[in-house]
Amino acid sequence: MTNKRTLIVDDEPDIRELLEITLGRMQLDTVAAADLTSAYEYLKEQHFDLCLTDMQLPDGNGLELIDHISAEHPDLPVAMITAYGSMDTAISALKAGAFDYVQKPIDLDQLRSLVDSALKISDLGSSREDSAGVKLLGSSEPMETLRNHINKLSRSQAPIYIAGESGSGKEVAARLIHSLGPRHSGPFVPVNCGAIPSELMESEFFGHVKGSFTGAVSDKEGLFQAANGGTLFLDEVADLPLSMQVKLLRAIQEKAVRPVGSQSEDVTDVRILSATHKDLAEEVACDRFRQDLYYRLNVIELHVPPLRDHVDDLPELAEASLGRLANEYGGEIPTIAADAMTALQEYDFPGNIRELENILERAFTMCEDNTIQADDLQLQGTTAPTPSPPPTPREPDAEPVATIDDAEHTLPEGVGLEAYLEGIERQLITQALEASRWNKTAAAKELGITFRALRYKLKKLELE
């Protein structure tokens, strides 16, 4: 088997020698060039699997080489070697199409990790979407455009900012970028930045050592360490406090983190993807988000379209959602009546795909004869809620079933509203089942709901 080949472009002999020795120990063949002219000749004559180039060269710069490779050898990953602290150069290289960058003085562990990731690109198939278990549904033009962008961006290591409205599928896009790229075998670690208490944020991101603060009874790795070798997805990144933004910026630039209470840094190999439903540029303008971090995260921007911009995909999205519900709760996939599909296609969907899934889940439990009608959708602002049927008259000697009116209206201490209502629902269903000797059809009729709705609730409340 032939060794893979790397083109090294640097005008400093000692750097070329260091790179050749390091890559040689990784069983890679190397060719070294001291300037752009030589590099162009080698690229014309030979095949390479990776290119490492310095920024400053005697007859030009590395950005020119990146442009040339992007145009003439689009499948060849190229990484930029930058001077320490030259983040503007690194970002320019990533925007131009570089796979990644490494800073001088070169950290050999970071270099080996970069080379391993870059060489995996040529081993990737044309599509890993199905095998990865993540699929971007929809065949409309906006979704095909998004799919093409994701396929291209998955080959890079550049930080990507995923813009889009709430519920539009930003995390699905992030998971696809990860699963289609060279890091697919590494971890994908999603984190909602707005859900972490500010006082625990540094420990959550960077980890801590035992005894570093009250309650730190053992060493704990942070999100950066957990995502090492893979991808860290920062969802709702606009919710990070300014104090944490400074620390996050340094961790990204240095590719290393210092756990709370530690005297040393942990080198990390993490690709950063970020997203928020807010306008991040506006957050910067209002001084709620650091401009330097914004430029560092938004090297490449990927826009996920709202559902109203690809309503042609509604039948496919609806079928997939109802299929998951039927598989999870049992039964056949219901049919969507023509008037219901028309109502969906005319609806604005402010909550996007997440709202569609919630609407269909409600309709799945409420529909009769396994067909979803327009009234079952209960779309906000378009369909009036279906009035509840009058209570079924009871025989005087029948055992009464408890109702919410029979319950105390004050929440018990420490019990949330959702848990409280779930408890009442569980009690009512159990009593109806016991009264009907666990005849589910009779119990559903007694409760004034469909048999499908009862089966759904039994599964949800673990009463099967």
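The values are calculated or read from the model by the stated rules, or taken from the named source; none is laboratory data. Computed from a predicted structure; not experimentally measured. Because the Cβ atoms are built from the backbone with ideal geometry, glycine has one as well, and the counts that use them run over all protein chains shown. Protein only, heavy atoms only, side chains kept; ligands, DNA and RNA dropped before computing areas. Shrake-Rupley method; radii C 1.70, N 1.55, O 1.52, S 1.80 Å.
A few comments on the model shown:
- Degrees separating the helix 314-329 axis from the principal Cα axis of the chain, which is the longest one: 70
- To the nearest ten degrees, helix 141-153 and the longest principal axis of the Cα atoms of the chain are 40 degrees apart.
- Here the alpha carbons of the chain define both size measures, Rg and Dmax, at 28.4, 99 Å.
- Residue order for Arg290, Arg354 - accessible surface, 1.4 angstrom probe, largest first: Arg354, Arg290
- Each Cα pair under 8 Å and six or more residues apart adds its separation to the average, and for the stretch 1-65 the resulting relative contact order is 41 percent.
- Separation of the Asp219 and Glu464 label points, Cα + 7 Å toward Cβ, nm: 4.3
- Of Ile424, Leu454, Met26, farthest towards positive along the dipole that unit charges on Lys, Arg, Asp, Glu beta carbons give the chain: Met26
- Axis of helix 13-25 versus longest Cα principal axis of the chain: the two differ by about 50°, to the nearest ten degrees.
- Placing +1 on each Lys and Arg Cβ and -1 on each Asp and Glu Cβ, with no other charges, gives the stretch 259-371 a dipole about its Cα centre of roughly 440 debye.
- The stretch 208-273 and the stretch 30-96 have Cα centres separated by 31 Å.
- Prolate/oblate/rounded call for the stretch 150-234, Cα gyration tensor, a/c under 1.5 rounded: oblate
- Distance in nm between pseudo-label sites at Lys104 and Asp309 (7 Å out along the Cβ direction from Cα): 4.2
- Gyration tensor verdict on the stretch 104-256 (Cα atoms; rounded if a/c is under 1.5, prolate if a/b is larger than b/c, oblate otherwise): oblate
- Lys, Arg +1 and Asp, Glu -1 on Cβ, resulting dipole of the chain about Cα centre, debye, nearest 20: 820
- Relative contact order [Cα under 8 Å, 6+ residues apart], the stretch 17-121, whole percent: 22
- Signed unit charges on C-beta, dipole axis of the stretch 147-254, positive-most listed residue Leu248, Ser198, Gly215: Leu248
- Judged by the gyration tensor of its Cα atoms, with axes a ≥ b ≥ c, the stretch 207-311 is prolate; a/c meets the 1.5 cut and a/b is the larger of a/b and b/c.
- Spin-label model distance (nm) - Ser166 vs Asp67, 7 Å beyond Cα toward Cβ: 4.4
- Accessible surface of the chain [probe 1.4 Å, protein heavy atoms]: carbon and sulfur percent: 49
- Each peptide among 8-18, 419-429 gets the average number of other Cβ atoms lying within 10 Å of its residues, and from highest to lowest they stand as 8-18, 419-429.
- Heavy-atom accessible surface of Glu446, to the nearest 10 Å², is about 70 Å², with a 1.4 Å probe and all protein chains retained.
- Ellipticity estimate at 222 nm from DSSP helix runs (n ≥ 4, -39,500 (n - 2.57)) divided over the chain, nearest 500: -13000 deg cm²/dmol
- A full extension of the chain between Asn358 and Leu136 corresponds to an added length of 78.1 nm, given 0.36 nm per residue minus the alpha carbon distance.
- Mean separation of Cα contacts under 8 Å (6+ apart) over length of the chain, as relative contact order %: 11
- Environment charge at Lys440 (Cβ cut-off 14 Å; Lys +1, Arg +1, Asp -1, Glu -1): +3
- Largest accessible area first, the residues Lys152, Lys170, Lys457 order themselves as Lys152, Lys457, Lys170 under a 1.4 Å probe with ligands, DNA and RNA left out.
- Per residue, the accessible area of the chain comes to 51 Å², computed with a 1.4 Å probe over protein heavy atoms only.
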